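The values are calculated or read from the model by the stated rules, or taken from the named source; none is laboratory data. It should be emphasised that the depicted structure is a prediction, and the values quoted were computed from it without experimental measurement. With ideal geometry, Cβ positions are generated from the backbone for all residues, glycine too; neighbour counts draw on all protein chains shown. SASA here: full protein model, heavy atoms, side chains in, ligands and nucleic acids out. Shrake-Rupley method; radii C 1.70, N 1.55, O 1.52, S 1.80 Å.
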Amino acid sequence: MIVIPGTASQVLAKEVADELNAELAGVTCRVFPDGELYLRIEGEVAGEECVVVQSTPRPQNRNIFELLTLLETLREGGAESITAVVPYFAYARQDRSFARGEAVTSRVLAKHISLHADRFVGINLHKSAILDYFTIEAEEIDASPELGEYFRSRGVKDCVVISPDKGALAMASQVASCLGCEHDYLEKTRLGPGEVVVKPKNLNVQGMNAIIVDDIIDSGGSMVEAIRMLRAQGAANIYVACIHAVATGSAIARLFAAGAKEVVGTNTIASQVSFISVAPRIAQALR
Ligand code: R5P
């Protein structure tokens with residue numbers, strides 16, 4: 001097996017290759033003065049099982065184009081099989097048309113990956129229904145047990161796990177079951193990008209270590225509202241955890257300013273808080 005690293009996932013691709021004892025391909029990636037990309041996969045790929053690891057965070061469209069180009073290059077190079085591992089799948093929040101005529105950009109991406117790969121592996125896709133947009137074998141890894149394991153290994157006790165909205169309730173349940181504790185959720189309404197309100201709710205968090213979990217931290221707005229509510233209800237310490245640390249602008253600083261003791265995410269996106277590796281789970285899916 002050969003692992004081909006995209007520029008957005010260079011360290012994660014190396015970790016996956018190490019886990020699998022697989023070869024890590026060299027890739028040359030340059031940007032021409034006008035912004036166009038030059039890509040070259042070094043070495044022979046004909047007849048090989050190839051795995052591209054490329055996340056698609058900001059700049060999304062550039063990372064997506066690089067992903068599709070790597071896949072197409074492997075196909076043209078005669079690879080025996082091609083798996084696209086996309087740890088953070090861009091446009092997942094546009095999983096359907098919310099208004100007439102709106103493009104379903106997650107479907108566009110899924111269809112294009114399906115054109116060039118034989119198999120897709122994603123991680124906490126925001127909406128699992130996105131898997132149906134693929135016309136190839138498509139699989140989603142749930143990395144929430146990794147979040148639970150992170151806090152368990154650090155000996156965080158007397159805790160309760162909270163999701164900032166109902167959408168992340170299943171994640172909260174997974175994390176709580178790793179920690180053997182209770183979980184609950186908040187009711188969030190989104191007013192606009194980066195702007196949310198959380199409905200008041202009594203939670204049993206007095207004197208407890210509260211762990212708030214979500215699939216994505218983007219502007220940090222959802223987490224800030226959840227932190228405020230937990231602080232007001234007497235939580236002793238507030239930990240914030242996510243799978244995908246999109247962390248736009250000063251999102252992480254906002255969370256600390258709101259009172260988070262710690263902010264942690266996985267390395268689906270290489271960020272300042274990406275302390276949890278999903279490489280073992282990806283390797284497990286590829287074996
Ligand atoms: C939305 O439903 C997602 O699960 C996240 O809650 C959301 O993307 C977080 O965004 P922000 O950090 O901007 O509140």
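For the pair Lys14 and Glu149 in one chain, pulling the backbone fully straight at 0.36 nm per residue adds 46.4 nm over the alpha carbon distance. Here Leu191 and Ser97 are evaluated by their C-beta separation; at R0 = 22 Å the FRET efficiency comes out at 0.60.
Rolling a 1.4 Å probe over the protein heavy atoms of the chain, with every protein chain left in place, gives an accessible area that is 48 percent carbon and sulfur.
Taking Cα atoms only, the orientation of helix 221-232 departs from the longest principal axis of the chain by about 30 degrees.
Mean-square fluctuations from a GNM of the chain, with a 10 angstrom spring cutoff on Cα atoms, peak among Val85, Val263, Val108 at Val108. Each residue of the stretch 106-113 was assigned a 3J(HN,Hα) from its phi angle through the Karplus curve 6.51 cos²θ - 1.76 cosθ + 1.60 (θ = phi - 60°); the sequence is 5, 5, 4, 5, 4, 5, 5, 4 Hz, with glycine and proline shown as x. With semi-axes defined as the square roots of five times the eigenvalues of the C-alpha gyration tensor, the equivalent ellipsoid of the chain measures 35, 20, 16 Å, largest first. About its Cα centre, the dipole of the chain is roughly 1220 debye, where the only charges are +1 on Lys and Arg Cβ and -1 on Asp and Glu Cβ. Label-to-label distance, Glu137 versus Ser173, with points set 7 angstrom from Cα along the beta-carbon direction: 2.8 nm. The overall shape of the stretch 144-267, judged from the alpha-carbon gyration tensor, is rounded, with an a/c ratio under 1.5. A Förster radius of 45 Å combined with the Cβ-Cβ distance from Val108 to Ala253 puts the calculated FRET efficiency at roughly 0.85.
Computed from the C-beta positions of Leu115 and Ala270 and an R0 of 30 Å, the FRET efficiency is 0.65 to the nearest 0.05.
When you filter the chymotrypsin sites (Phe, Trp or Tyr not before Pro) in the stretch 178-287 for DSSP loop state and at most 14 other Cβ atoms inside 10 Å of their Cβ, nothing is left.
For the chain, find the longest principal axis of its Cα atoms and tell me its angle to the long axis of helix 10-20, 0 to 90°, nearest 10. Tilt relative to the chain: about 80 degrees. Solvent-accessible surface (1.4 Å probe) assigned to His126 amounts to roughly 70 Å². Once the Cα atoms are used to define both axes, helix 144-153 deviates from the longest principal axis of the chain by about 60 degrees.
Using a probe of 1.4 angstrom and keeping all protein chains present, the accessible surface of the stretch 67-201 works out to 48 square angstrom per residue.
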